[in-house]
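This report concerns only the one structure given below.
The values are calculated or read from the model by the stated rules, or taken from the named source; none is laboratory data. Keep in mind that what you see is a predicted model, and the values were worked out from it rather than measured. All Cβ positions, even for glycine, are placed from backbone atoms using ideal geometry, and neighbour counts span all protein chains on display. Please note that ligands, DNA and RNA were not included when accessible areas were found on the heavy atoms of the full protein model with its side chains. Shrake-Rupley method; radii C 1.70, N 1.55, O 1.52, S 1.80 Å.
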Amino acid sequence: MAGDGARCYQHAFDGLAKLVCFDVSDNGVRFSTRFLRTDWYDKMSTGAMPPSVTTGPVDPPWSSAEGLVAAVTGTAFDNTPVNLHRLGGGDRWVAVTDAPPLIEFDPKTLETIGRVEGRATPFVGQTKKLGFSVPGTELFSTAHPQRHPKTGETLNYHLELRPAGGPVAHIVATSASGAPGSPIDRRILGSVELETIG
């Protein structure tokens, strides 16, 4: 439920990201838990639920205008409640979902470090409109990245929606050898243009 109590999610996958830690030692087991402190967490805790793409319905449902806002502002969404992943090339941990944001956290204290930024953009297929190059919007990814068996890089796909033409799926490799909170290196291994639906 949003902080103002006016709207709530109906699906468990739409809940706020929460970390859980079990620290096992000779002295016993210590349990700790903490919500990821993201922009989305702050918005949901203090006010109305911002329009967003969701796994399940919301109650009351989005209006047509709110649904349009949700589609256009999808990149602002930073709630990552689905999976945890150790980034390739280092010992940095992130929470992920089926959207592009990566939220880094300290695995010992569970404190949120912040949104991880990439040093290179994944967009290669920029659309030409009236002689100008127009980038698309990176809207979807997967919450189940894989580790490259030889390089150790994290492999994932990113779906770019473009202002004209079909969407493009990019296979992206990331490396995070820097200090916590520093940008990660991203490079595209390949891209596939998908057919326009409808």
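Under a 5 Å amide H cut-off, with hydrogens placed 1.01 Å from N, I184 pairs with E117, G118, R119 among residues at least 5 apart or on other chains. Distances between placed amide hydrogens fall under 5 Å for R147 paired with L155, all partners being 5 or more residues away or on another chain. The largest-to-smallest principal axis extents of the Cα set in the chain are 67, 49, 24 Å.
Charge tally for V58 (other residues, Cβ to Cβ under 11 Å; Lys, Arg +1; Asp, Glu -1): -2. A simple rule links phi to the HN-Hα coupling: the Karplus curve 6.51 cos²θ - 1.76 cosθ + 1.60 with θ = phi - 60°, which for region 104-110 gives 7, 9, 8, x, 8, 9, 6 Hz, with x for Gly and Pro. For the chain, modelled as a GNM whose springs connect Cα atoms under 10 angstrom apart, the maximal fluctuation among G28, G165, G67 occurs at G28.
Karplus-derived 3J(HN,Hα) values for region 79-89, using 6.51 cos²θ - 1.76 cosθ + 1.60 with θ = phi - 60°, are 7, 10, x, 8, 8, 10, 8, 8, 5, x, x Hz; glycine and proline are entered as x. Each Lys and Arg adds +1 at its Cβ and each Asp and Glu adds -1 at its Cβ; summed about the Cα centre, the chain shows a dipole of about 380 debye.
Could you check how much of the accessible area of the chain is carbon and sulfur, as a whole percent, using a 1.4 Å probe? Before the final figure, lay out the partial values.
Values: 6380 of 11270 Å².
In the chain, the share of accessible area belonging to carbon and sulfur is 57 percent.
Springs join every pair of Cα atoms under 10 Å in this Gaussian network model of the chain, and among P101, P163, P51 the largest mean-square fluctuation is at P163.
3J(HN,Hα) along region 187-193: 9, 8, 8, x, 9, 10, 7 Hz, from the Karplus curve 6.51 cos²θ - 1.76 cosθ + 1.60 with θ = phi - 60°, whole Hz, x for Gly and Pro.
A cut-off of 5 Å between modelled amide H atoms, ignoring neighbours fewer than 5 places along the same chain, links K18 with L36. Cα centroid separation, region 45-99 to region 152-198: 18 Å. Determine, at each q value in 0.24 (inverse angstroms), the log₁₀ of I(q)/I(0) that the Debye formula gives when each Cα of region 26-90 is one equal point scatterer. These q points yield log10 I(q)/I(0) values of -1.17. Each Lys and Arg adds +1 at its Cβ and each Asp and Glu adds -1 at its Cβ; summed about the Cα centre, region 47-106 shows a dipole of about 100 debye. In a fully extended conformation the segment linking L68 and L16 would gain 16.5 nm over its present Cα-Cα distance, using 0.36 nm per residue.
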